[in-house]
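*Asks:* I'd like to ask you about the structure that follows.
Taken together, the values in this text are just the output of simple stated rules run on the coordinates, not laboratory data. Since this is a predicted model, take the numbers as computed values, not measurements. As a convention, Cβ positions derive from the backbone with ideal geometry for all residues, glycine included, and neighbour counts pool all protein chains shown.
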Amino acid sequence: MAFLSNNSRIALILFSCLVMSFHSSASAQNYGTATYYTPPYMPSACYGFADQGVMIAAASEAIWNGGGACGQYYQVTCVSGTNAGTPYPCQGSSSVVVKIVDLCPAGSCRGTIDLSQEAFASVADTASGVINISYQQYVLQLIIHTASQTYDLFIYNTHVLFF
Ligand SMILES: *[C@@H]1O[C@H](CO)[C@@H](O)[C@H](O)[C@H]1NC(C)=O
């Protein structure tokens, strides 16, 4: 009992020393185009009938990686119209973070990433149909400071890396 209570006291002290901070960082910037698709969003190639919300996207072969892209997050930024569509479609917030839940199959896919209608609408006028984008994989970094050490926890794809 004494051992246990000592342990919990140590845990309490340790916890009170923890300062956590989140910030996002990202991998290399890529350029491409985005289109959008409309509900129903299920079933998806990655999750079947499991609901993943609406901030989602289907990856073209450029991102898909044989299904390895499933569950990865991408930050998509509207850059401009394409030469074919509306000249100035970018509106709303400049970028959106989406989770890859599906495949945009080669042949019918018309862009690098096929955003949900909701995700597309948050960065551009849906009337344009297709936009030029920059995109990068989104990484969540959790920095844990204790009295003696700082840990960097990278929540990257679906893996957690500890440094
Ligand atoms: C869209 O991107 C393509 C490829 O980078 C570029 O050639 C084109 O000029 C861009 N369109 C506009 C309207 O900026």
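*Asks:* Using label points projected 7 Å from each Cα along Cα→Cβ, tell me how many nm separate Gln117 and Ala84, to one decimal.
*Replies:* Rounded to a tenth, the inter-label distance reads 2.1 nm.
*Asks:* What full-extension length gain, to one decimal in nm, is calculated for Ser108 and Ile144 as 0.36 nm per residue of separation minus the Cα-Cα distance?
*Replies:* Numbers: separation 36, 0.36 × 36 = 12.96 nm, distance 4.49 nm.
That pair, Ser108 and Ile144, stretches by 8.5 nm at full extension.
*Asks:* Decide, for the stretch 79-127, between rounded, prolate and oblate: order the square roots of the alpha carbon gyration tensor eigenvalues as a ≥ b ≥ c, take rounded if a/c falls under 1.5, and otherwise choose prolate if a/b is larger than b/c, else oblate.
*Replies:* Oblate is the answer for the stretch 79-127, as a/c is 1.5 or above yet b/c matches or exceeds a/b.
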